[in-house]
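Structure, as structure tokens:
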Amino acid sequence: MKIGFLGQDEVLCQRLRQLAGVEDVRSFDLADLTEELSDFEVILISDRYIAAYELEQVKAKFQVSTTLLYLLSYSIHAGAATEAKIVADRLGITIIPPKRTPDQIAKEIERYTLDSFAPESGGNVIAFMGTLSQSGVTATVLSLADELGKMTSAKVGVISLNAFTPGDSFLSYSGSYLDDLYAQIKETKLLTPGELAGHMQVTPTFSYLAGNGDLLKRYRYSSDAAEHIIACARKQFDIVLLDAGANPDNNLCLQALLQADLRILVSTQQPAAVSMWRKMNTLLRMVGNGETMPFMLVLNRFRSLYGDAKRFEQVMELPLLGILPDLEEEGQYCEVEKRLLTTTENGRYTSQIREIGKQLQSLYKWAAQNEDATKKRGWRLFSR
């Protein structure tokens, strides 16, 4: 198969040349259209070169059998993305969604045009995102990782891709932070899965890499860097839990959502959480080519005083995975004393975390830990 690219991106072209079944990839300008390009089965069109209103004119220059793909640029506005999709759909042109790395664009093209596409190999990746910055994503993810480590024989890794807080409040942390790896992932993919594991704090039940601790690097992580860290974690662990924070406009959070096999939204019952989730959905639909990005819902700090959980599920329009009770002062003590929320005397919280773990274990068929091993691996970071 031959791919013509109406645009300029040598990194992307190189990645396309590596796809199985691709014979040639060539960049060209609209003025270069000649009979020589008539044998190119796929034409990739960059929105930086051709605006949406020019697509019909470009389409007329190619044979009906030619597959046309319209590549939306990383920084495109949501409104412009919607307009481009309307035009492309009318003309029978396939949209390649924005905010993708060259590797991800190549995979999208492979999925649309080749029969050789294969799913990611390695562990299962689950991303957790909060509706608000204090929704409790970090505490939930660490508590769940601990339970999964006790329940299963799987190797569990937690990666914090939160650009705004390191997430080191619920354990005595002694590993590296995400920003410590910045030089290794900034422009080149030097970090290996084994090296990633070496930077993480190892507990009896899971390994953990804390998030960004450098205020100056919050918006400096590239999509390629985030994608590479996740790929390393997938190769190193059977279960990868990603703490994506609460900012899908940030590369780290967005890549966590794009790379995940399952996405879980952690929300409180605050009206602001509902409002923010609706705003996030506008961005996520643009990234998802107009389709809604699927999430499961975990309702955190739940209090029946504020309404029924099922009602909140309907308002959010997401299937409910679990309900975690409000620990009030006990939760604050855990943060101060740097210990997991499952170490409190509130058995309902732990049982709900375990129930979420059981549902995930059933979904992914992770092997169960035998009872004796579970007792040996049970742990507490601090005793009260």
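Quick rundown of the values:
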{"item": "12 Å beta-carbon shell around GLY322, net charge (K/R +1, D/E -1)", "result": "0"}
{"item": "Ordering of 223-229, 45-51, 198-204, 362-368 by burial proxy (mean other Cβ atoms within 10 Å per residue, highest first)", "result": "223-229, 45-51, 198-204, 362-368"}
{"item": "Efficiency of FRET between THR66 and GLN18 - r from beta-carbon atoms, R0 25 angstrom, step 0.05", "result": "0.65"}
{"item": "Computed over the range 2-113: relative contact order in percent, which uses C-alpha pairs under 8 Å that are six or more apart", "result": "27"}
{"item": "Linear extension gain, TYR333 paired with THR82, 0.36 nm per residue minus alpha-carbon span", "result": "85.7 nm"}
{"item": "Theoretical gain in end-to-end length, LYS358 to ASP214 [0.36 nm per residue, Cα-Cα removed]", "result": "48.2 nm"}
{"item": "Förster radius 41 Å - calculated FRET efficiency between SER73 and LYS365 (Cβ-Cβ, nearest 0.05)", "result": "0.55"}
{"item": "Estimated FRET transfer efficiency (ARG348, LYS279; beta-carbon r; R0 35 Å; 0.05)", "result": "0.65"}
{"item": "Packing-based ranking, highest mean first, of 327-338, 278-289, 263-274 given that Cβ atoms within 10 Å are counted", "result": "263-274, 278-289, 327-338"}
{"item": "Relative contact order (percent, whole number), the range 124-377, Cα cutoff 8 Å, 6+ residue spacing", "result": "28"}
{"item": "Of the GluC sites (Glu not before Pro) in the range 135-220, those whose Cβ has at most 16 other Cβ within 10 Å and which sit in DSSP loop", "result": "GLU187"}
{"item": "Long-range amide H partners of LEU71 with built H, under 5 Å", "result": "ILE45, SER46, ASP47, ILE96"}
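Values quoted throughout were computed directly from the atomic coordinates according to the rules given, and no laboratory measurement underlies them. None of the values given here were measured: they were computed from a predicted structure. So basically every Cβ, Gly included, is an ideal-geometry build from the backbone, and we count neighbours across all protein chains shown.
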